1. Residues that are crowded, with 18+ Cβ neighbours inside 10 Å, in contact with a Leu (Cβ under 6 Å, 6 or more places away or on another chain) and within 30 Å of R460 (Cα to Cα): does segment 168-178 have at least one?
2. Suppose we filter L285, L264 for residues that are over 30 Å from A205 (Cβ atoms), at pLDDT below 90 and assigned by TED's automatic domain parsing to the domain that holds Q185; which single one remains?
3. Which one is modelled with the highest pLDDT among residues in segment 485-498 that are closer than 19 Å to D302 by Cβ and not in a helix (DSSP H, G or I)?
4. Exactly one condition in (1) more than 30 Å from S474 (Cβ to Cβ); (2) surrounded by 15 or more Cβ atoms within 10 Å (Cβ to Cβ); (3) over 39 Å from the mean Cα position of the chain (by Cα) is not met by I369; state its number.
5. How about segment 114-142: which of its residues are closer than 17 Å to N333 by Cα and surrounded by fewer than 15 Cβ atoms within 10 Å (Cβ to Cβ)?
6. Of everything in segment 430-484, what is small (G, A, S), part of a helix (DSSP H, G or I) and over 30 Å from E35 (Cβ atoms)? Give them in sequence order.
7. Given the structure, is L191 at pLDDT 85 or above, surrounded by 18 or more Cβ atoms within 10 Å (Cβ to Cβ) and within 24 Å of L459 (Cβ to Cβ)?
8. Only one of (1) touching a His at 6+ places or on another chain (Cβ under 9 Å); (2) in a loop (DSSP other than H, G, I, E, B) is not met by C209, so which one is it?
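The values are calculated or read from the model by the stated rules, or taken from the named source; none is laboratory data. Predicted model, so just to flag it, every value in this text is computed and none were measured. Virtual Cβ from ideal backbone geometry, glycine too; neighbours counted across all protein chains shown.
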Amino acid sequence: MKINNSSLIGIVFCFASNYLVAQEQIVFNMKTVIERYALNSIEAQNAALDYKNQILNDQNTRKEFLPTLAFSLSPLNFNRSIRSLQSPNDGSYSYIEDYSNSSSTGLSVSQKVPYVNGTFSVSSSLNMLGEFSKDLYSFSSTPYRFSYQQQLFGQYKTYRWQQQVNRLKRNKIVKEYVRTLSSIQEKAAQLYMDLYVCKRSLEYAEYQCLTSDSLLKISRIRLDQGTMLEKDYLTLELQNTNQHLLMEEESHNYSNAMDEMLALLSIHSEDSSFEVEPPSSEMPLSIQVADVQQKIQIYSPDPENRMVSDIEAEQTVYKARMDQWLNATINMNYGTNQYGTNLYNVYHKPLSQQSVTVGLQIPLFNWGIGRNKVIIAKNEYQQTKNNLNKEKEEQERSLKKDVEQYNYLIETMAMAKKSYELSQKNFELTLFELKHQRATVDKLVEIETAMKQSFIQYLRKLSSVWNQYYSIRSNCLYDYIEDKPMADIFQDQIINWK
């Protein structure tokens, strides 16, 4: 069978087309990394699940004072055994056979009472006892029973504090979720910038290797012609070796940075190619410290967290004081009950039952332990307030430092870029002069070193300014590029999980 050239070309083209189709290209730029890949990562999915749990917990807290209905059933409690009984008259023992089964069922409705944290309940129950040895069945019932119980002192204040804490926690659920997503995006942005820096460094090393290889070939010809000193040639050869070594190191760094990026974003690298695009140049030229502090008070959960910690510490002091004072509980019950040999009798003319129990606990003397507990609680409360004030001051100082650092990097990044471009032009000019024997090798090495330093300085500033921006963005939960709160940016994620 003969295959002509056109058929062979067609087969090769088909294989190449299939390979290119199978090779999915993934483009990494700042927008796709933080908006697409970061929000679909495993960390973002876990954050969404935690957000859902917080919403469900808040719903449970809201329903805490709604009535609850419960049904109980115990159909089988069978016993067949020999038991010993002691006579109350002479103290003698006798043995009887216990051959019986008891069953019970009940229905209850309970309701927590607001403001006083009491519990009111209504219940009804029915019990049946079957004695198989005598073929006898008996019933007992409680047609209805009303119960109420609560502590008498301090409940209103405790209820009011708890409602404040619940309201503050409810207000910060969305803010905490937005902060978590912003932190995930911040981490993704940092890895993206590390990846981009590694890519630029690799490209720089590859370009320098090509330039060095070309120069070394020309220098070898000049050395053979006797127009170049051997010392200068060895210097260029050493530089060429170092350039190739640097290229291998940068290739390794790029591969590691890519692996970290794929791991964070939960991307599988099989049958995929990657393209790393440069970050956008759209950045705020300056950010004001006062504006960031104002955004934190509005959008950050930190103010609510500090208020919750303050209230909980104050509750601890109040509880320690209450343990030192008179404490009382009340338990009231009213209902009816009856017994008989059939169901009609146990619900016919039931007997009423009432009970009221009031318990008092008065601490008289405990060697000052209770007083010490109150002092300890007060000291811990003061420690909490001091720590909260210190945390707030440190946050403000750190925020001021971050904003000032960002503004400084914005101002100097343009100069660093210009310095690199000028040093690159100077290197190319010196390289041209060296090829035409109008410059020395030492001068080329010196200028190449300066160009490399300016290149590294520019990449560091570019990476630092983006990292600093996303750090500020995560702290104040406001995007200055989009000019909108982070909660508005994550609106789809918030609505989808509500």
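1. Looking through segment 168-178, at least one residue is crowded, with 18+ Cβ neighbours inside 10 Å, in contact with a Leu (Cβ under 6 Å, 6 or more places away or on another chain) and within 30 Å of R460 (Cα to Cα).
2. Criteria check complete, one pass: L285.
3. P485
4. Unmet for I369, out of (1) more than 30 Å from S474 (Cβ to Cβ); (2) surrounded by 15 or more Cβ atoms within 10 Å (Cβ to Cβ); (3) over 39 Å from the mean Cα position of the chain (by Cα): (2).
5. T119 - this is the single residue of segment 114-142 that is closer than 17 Å to N333 by Cα and surrounded by fewer than 15 Cβ atoms within 10 Å (Cβ to Cβ).
6. Within segment 430-484, A450, S454 qualify.
7. Criteria met by L191.
8. Failing condition for C209: (2).
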